[in-house]
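Asker: Submitted below is the structure of interest, expressed as structure tokens.
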Amino acid sequence: NNEKSVPQLLIKDLKFEKKSLAKLMFSPDQENHPSKAPVKYGELIVLGYNGSLPNGDRGRRKSRFALFKRPKANGVKPSTVHIACTPQAAKAISNKDQHSISYTLSRAQTVVVEYTHDSNTDMFQIGRSTESPIDFVVTDTVPGSQSNSDTQSVQSTISRFACRIICERNPPFTARIYAAGFDSSKNIFLGEKAAKWKTSDGQMDGLTTNGVLVMHPRNGFTEDSKPGVWREISVCGNVFSLRETRSAQQRGKMVENETNQLQDGSLIDLCGATLLWRTAEGLSRTPTLKHLEALRQEINAARPQCPVGFNTLAFPSMKRKDVVDEKQPWVYLNCGHVHGYHNWGNKEERDGKDRECPMCRSVGPYVPLWLGCEAGFYVDAGPPTHAFSPCGHVCSEKTTAYWSQIPLPHGTHTFHAACPFCAHQLAGEQGYIRLIFQGPLD
């Protein structure tokens, strides 16, 4: 019986060393002396990057940004409202040393809301600008791009001063998000064309051109997570249903029973890049790079083999995550059978993309497998048994199932599921596949 000589190996069957992996499960923060460590509010992780930017993380441009309690509070809160009859008067009111938001209602009227120092909060600003008020510089994500040269040609849709996050300096360190950030002259300026309005209590509010969208998952960021509903956040932090298109003049309906408070797993979309918010507590339950490295070594130690060439396959080290290695596992995306790279079944009449699996004859794309190295995207610490289709990024089953259900904003009015590690739109019936490895013959 031929089948007995070809053991099929599903990675979940590997007896992962529970104890050794449990030791690796705590987060890097806990390895340092907790008493000396500054308070961490959370981290923002940009979707589409597998652990670092293509040309490396530098300064305020990186794939993830940690928000720590500042030595001195820099938060602000609204104070005086001025109604100015001329733009000149409005300019005079917006003092360079004081934060303010200017709402231009018409050529004849501008409302300026002054903001005053708030000793209880820290403010962090995110946007495309490299000016000093921006703490985290975010550029447009191009799916699957391997270098920054791929991304520079695109006309950016991310606002220069896209949004701000205000964190409470005292427990439980609540983080809230607001559309728009203050520029170098400490001003937010909503021009005539921006959607803006007077609220019922006489305050002003508005939306930015392309908007800041937020989605809070249901059941937190865990293996039981389910997608929530995308909402738009206003300049004052109110919650609205989405506009018809990204920059439509008409705002959506206000959603009274929801807030701008971020929770573990909240997604923030800046129209060109999507960020995942992870709380410090959530990150402490997330697998670490050491844990992912241990899982990689466990798979390689099981010596999976190519059923055609009988050569042993191995996932390359986390550092070599862009170069295809000769031992690299490849997968047929229609059936999940894992092979080494070979030319078998490459029929010329098929445009080279589709191949026939030698194990089961199903025809489909044939791609190299890559480990998902950005631990912040994992909803659990399960073994890497599944791969996203069509990119071949490998992670736990629950993680592939979760991200395949999330509709991520794309362009100005469409949504689609994408791989969190490379931002490629998912394809196929469910967007991911279970991997079937072949064990060694001895």
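Asker: Select, from Asn120, Asn148, the only residue that is at negative phi, modelled with pLDDT under 90 and open to solvent by 20 Å² or more (accessible area, probe 1.4 Å).
Answerer: Asn148
Asker: Next question. Can you spot a residue in segment 242-263 that is among the small types (Gly, Ala, Ser) and more than 16 Å from Gly206 (Cβ to Cβ)?
Answerer: No, segment 242-263 contains no residue that is among the small types (Gly, Ala, Ser) and more than 16 Å from Gly206 (Cβ to Cβ).
Asker: Tell me, please, whether a residue that is surrounded by 19 or more Cβ atoms within 10 Å (Cβ to Cβ), in a loop (DSSP other than H, G, I, E, B), modelled with pLDDT of 95 or more and assigned by the TED database to the domain that holds Pro217 can be found in segment 323-335.
Answerer: Checking segment 323-335: not a single residue is surrounded by 19 or more Cβ atoms within 10 Å (Cβ to Cβ), in a loop (DSSP other than H, G, I, E, B), modelled with pLDDT of 95 or more and assigned by the TED database to the domain that holds Pro217.
Asker: Quick one: is Ala387 open to solvent by less than 30 Å² (accessible area, probe 1.4 Å), closer than 19 Å to Val142 by Cβ and of a type in the set (A, V, I, L, M, F, W, C)?
Answerer: no
Asker: A follow-up question, please. Going through segment 41-61 one residue at a time, which ones are open to solvent by 60 Å² or more (accessible area, probe 1.4 Å), of a type outside the set (Asp, Glu) and in a loop (DSSP other than H, G, I, E, B)?
Answerer: Asn55, Gly59, Arg60, listed by residue number.
Asker: Inspect segment 210-224 for any residue being of a type in the set (Lys, Arg), part of a loop (DSSP other than H, G, I, E, B) and surrounded by fewer than 18 Cβ atoms within 10 Å (Cβ to Cβ) and give the result as yes or no.
Answerer: Within segment 210-224, none of the residues are of a type in the set (Lys, Arg), part of a loop (DSSP other than H, G, I, E, B) and surrounded by fewer than 18 Cβ atoms within 10 Å (Cβ to Cβ).
Asker: Check whether at least one residue in segment 275-284 is in contact with a Ser or Thr (Cβ under 9 Å, 6 or more places away or on another chain), in contact (Cβ under 8 Å) with a residue 40 or more places away in the chain, open to solvent by less than 40 Å² (accessible area, probe 1.4 Å) and aromatic (Phe, Trp, Tyr), and report yes or no.
Answerer: yes
Asker: From the set of residues in segment 202-245 that are more than 17 Å from Gln405 (Cα to Cα) and small (Gly, Ala, Ser), which is farthest from the chain's Cα centre (by Cα)?
Answerer: This residue is Gly202.
Asker: Another question about this same structure. Name the pairs: first residue in segment 379-391 and closer than 11 Å to Leu435 by Cβ and outside the structural domain of Asn334 (by the TED database), second residue open to solvent by less than 20 Å² (accessible area, probe 1.4 Å) and modelled with pLDDT under 95, Cβ to Cβ under 7 Å, at least 6 apart or on different chains?
Answerer: none
Asker: Please enumerate the residues belonging to segment 404-427 that are assigned to a loop (DSSP other than H, G, I, E, B), closer than 21 Å to Ile158 by Cα and in contact with a helix residue (DSSP H, G or I) (Cβ under 8 Å, 6 or more places away or on another chain).
Answerer: Of everything in segment 404-427, those that are assigned to a loop (DSSP other than H, G, I, E, B), closer than 21 Å to Ile158 by Cα and in contact with a helix residue (DSSP H, G or I) (Cβ under 8 Å, 6 or more places away or on another chain) turn out to be Ala417, Cys419, Pro420, Phe421.
Asker: Of these, Lys290, Lys186, Lys193, Lys253, which one is in contact with a helix residue (DSSP H, G or I) (Cβ under 6 Å, 6 or more places away or on another chain) and either open to solvent by 10 Å² or more (accessible area, probe 1.4 Å) or in the same structural domain as Tyr378 (by the TED database) (or both)?
Answerer: Lys290
Asker: Of (1) closer than 27 Å to Thr157 by Cα; (2) in contact with a Phe, Trp or Tyr (Cβ under 7 Å, 6 or more places away or on another chain), Ser225 satisfies all except one. Which?
Answerer: (1)
Here's the yes/no breakdown for (1) modelled with pLDDT of 95 or more; (2) assigned to a loop (DSSP other than H, G, I, E, B); (3) buried (at least 23 other Cβ atoms within 10 Å of the Cβ); (4) in contact with a helix residue (DSSP H, G or I) (Cβ under 7 Å, 6 or more places away or on another chain):
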residue	(1), (2), (3), (4)
Glu349	no, yes, no, no
Arg361	no, yes, no, no
Gly364	no, no, no, no
Val394	yes, no, yes, no
Tyr402	yes, no, yes, no
Glu429	no, yes, no, no
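The values are calculated or read from the model by the stated rules, or taken from the named source; none is laboratory data. Note that the structure is a prediction, hence the values are computed from the model and not measured. Using ideal geometry, Cβ is built from the backbone for each residue, glycine included, and neighbour counts are taken over all protein chains shown. Surface areas here come from the heavy atoms of the whole protein model, side chains and all, with no ligands, DNA or RNA. Shrake-Rupley method; radii C 1.70, N 1.55, O 1.52, S 1.80 Å.
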